[in-house]
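Each reported figure results from applying straightforward, stated rules to the coordinates on display, with no laboratory input. Because the structure is a prediction, the values reported are computed rather than measured. Don't worry about glycine lacking a Cβ; one is built from the backbone with ideal geometry, like all the others, and counts go over all protein chains shown.
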Amino acid sequence: MEHYRQKIALRNARFYAYHGYYEEEQLIGNEFFLDVICFVQKPTLEANDNLANTINYEELYRIAKDEMDEPKKLLETIVENILNSIKITFSEVNEIEVTLRKSNPPFGGDTATAEVSLFWQRN
């Protein structure tokens, strides 16, 4: 029997937020870019044009925004919280990857971004 793997994603969602380990980062803030990728197994390619039969990327954005609005010290914490919220909200999701990039991290190097990713797959 055929099965299809559908991908629903947000790419480069931009947030200005106050995450960071250092007090300065929490006061000044920084620009962040977020990618969220979800996969769902589908038994058919039935395109019935019904939002209830897919992952609503507007809801993915709301989950991300709610988390990005709460300052955290570590990008790892934010990524894990977003991933866990998606798992709870969308039980039909089989795989999730969340990647968060911080622009101009404050360590004096010539690095444009720092990045943390987390991947989850249902067994």
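Kindly rank 66-77, 7-18 from highest to lowest mean number of other beta carbons found within 10 Å of each residue.
Numbers: 66-77: 15.6, 7-18: 13.9.
With the highest mean Cβ count within 10 Å placed first, the list reads 66-77, 7-18.
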Low-density loop positions, chymotrypsin sites (Phe, Trp or Tyr not before Pro), the stretch 34-123 - DSSP coil, at most 16 other Cβ in 10 Å
107
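What area, in nm² and to one decimal, does the C-alpha convex hull of the stretch 4-121 cast on average over all directions? If you can, show how the numbers build up before the last one.
Numbers: hull surface 30.4 nm².
Taking the Cα atoms of the stretch 4-121, their convex hull projects to 7.6 nm² on average.
Based on the Cβ-Cβ distance of residue 21 and residue 50, what FRET efficiency does E = 1/(1 + (r/R0)^6) give at R0 = 41 Å, to the nearest 0.05?
Details: r = 44 Å, r/R0 = 1.08.
Efficiency computed from Cβ-Cβ geometry: 0.40.
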Give the calculated FRET efficiency between residue 33 and residue 94 to the nearest 0.05, with a Förster radius of 22 Å applied to their Cβ-Cβ distance.
0.35
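When the helix-only estimate is applied to the chain (DSSP H runs of n ≥ 4, each -39,500 (n - 2.57), divided by the residue count), what is the mean residue ellipticity at 222 nm, nearest 500 deg cm²/dmol?
-8000 deg cm²/dmol
If I take every Cα pair under 8 Å that is 6 or more residues apart in the stretch 4-121, average their sequence separation and divide by the length, what percent do I get for the relative contact order?
Working: 208 pairs, mean separation 34.6, N = 118.
Normalised by residue count, the contact order of the stretch 4-121 is 29 percent.
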